[in-house]
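Below: one structure, written as structure tokens.
Every number in this text was worked out from the coordinates using simple rules, so none of it is lab data. Just so it is clear, the model here is predicted, and its values are computed rather than measured. Please note: Cβ atoms are built from the backbone with ideal geometry, for glycine as well, and neighbour counts cover all protein chains shown.
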Amino acid sequence: MRSWRARQHWPSWVSRQRQPDMADLNALVIGPTGAIGSALVQALDGAGGWGILGMSRTAPSQGARFRHLAADLMDADTIRSALADAPPVTHVFYAARAPHGEGGVENVDGNLAMLANVVEAVQGPTLQHVHLVEGTKWYGVHLGPHRTPAREDDPRHMPPNFYYDQEDYLISAQRGQAWSWSSCRPNVVCDFAPERARNLTTVIGAWGAICRELGVPFDFPGTAVGFDSLTEVTDAAHLANAIIWLSTQPGGANRAFNITNGDAFRWRYMWPKLANMLDLPCGEPRDIRLADWMADKGPVWDRITARHGLDPRPLERVALWAFGDFVFRQDWDLLSDLTRLRQTGFAGSVDTSQMFSDHFAAYRKVRILPTPGVTA
């Protein structure tokens, strides 16, 4: 399971090339239990040499690999109080967002205030770098077709877009300071994340299991145009490794970077591979909305759970269907240029079909997704 191992061991090519001063490096991960934040914690832990702090309102489960600092990011006083007796922060990895849905305008003021509160609380002589996690919504992927391959200096779309406000703030706050900043723009972050339903792997896996249970083909639940459009995803472990690289290399200073797996694909050719992984006959594009068609499938999932001895969680805790609709109904190419990232010396890449296979295996191991042919 290559992707899972990558989260626990710093890649050998990075170990050979990466030579920062590892003395007294203290990372503050904002949003340490989210998809990207948790991958960062595991990558930092695997790299060694880092003190790891994680800041969020809610305490993590037992066994967390970081020291938790409880704070409300909208309340600057709670942030300063939480940091008062913590080791001096050298690197901030900001991977938090204000509450949001899958569509509509996100909270610009709230997202900007949260970032500013953190940066202003950590500014000081020990601060070396602030990394901001953005996404390809920077290019307007949520609005419709855009320039491809997307490059970091492409023109902005009409606001609002809270990424613009956050990055503009970082540029302004860093001016004249000794610390530097960077940002990343991944697309559709995929991970083994048992407690997060907003995950493409479980959306696909649960959809396949329900198709099997109902005796219907494993159709692509999206548009025919989207089926044939170029797209790409980003493995969370790969993203975390790239973020740490950029945050500790001179070439990563004060710039934004696209980060994806590096192997763009079309669902037309990926879908048969997924069908094979799930041991299902491959279907055709079916223009449906998962959020509508899956609304009454809870009892079907309960039957699957009982037959296969799965973790007895409701379907809505396994797959967020609105997220699947967002991904599968994009009728335009999604492709990011990775030249700038490669020029820093980062050599990582991920085979996306292998990533899905690894993630399916991980979800089966913890009995969230069924293993074909295996019952309780």
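Annotations
- With a Förster radius of 45 Å applied to the beta-carbon distance between Ala306 and Lys137, the computed FRET efficiency rounds to 0.70.
- Segment Tyr164-Ser353, length gained on full extension (0.36 nm per residue, minus Cα span): 64.8 nm
- Against the chain, whose longest principal axis is taken from its Cα atoms, helix 200-214 shows a tilt of about 10°.
- Summary of the geometry: region 293-339 and region 99-161, compared by the centres of their Cα atoms, lie 26 Å apart.
- Note on Phe265, Phe66: ascending count of other Cβ atoms within 10 Å places them as Phe265, Phe66, the fewest first.
- Between helix 108-122 and the chain: long-axis angle, C-alpha atoms, 0 to 90°, nearest 10: 40 degrees
- Region 264-307 shape via C-alpha gyration tensor axes, a/c threshold 1.5: oblate
- Charge context of Asp279, other residues only, Cβ under 14 angstrom, K/R +1, D/E -1: +2
- Between helix 236-248 and the chain there is an angle of about 10 degrees, using the helix long axis and the longest principal axis of the Cα atoms.
- Other residues whose C-beta falls under 12 angstrom from the C-beta of Ile79 contribute a net charge of -2, scoring Lys and Arg +1 and Asp and Glu -1.
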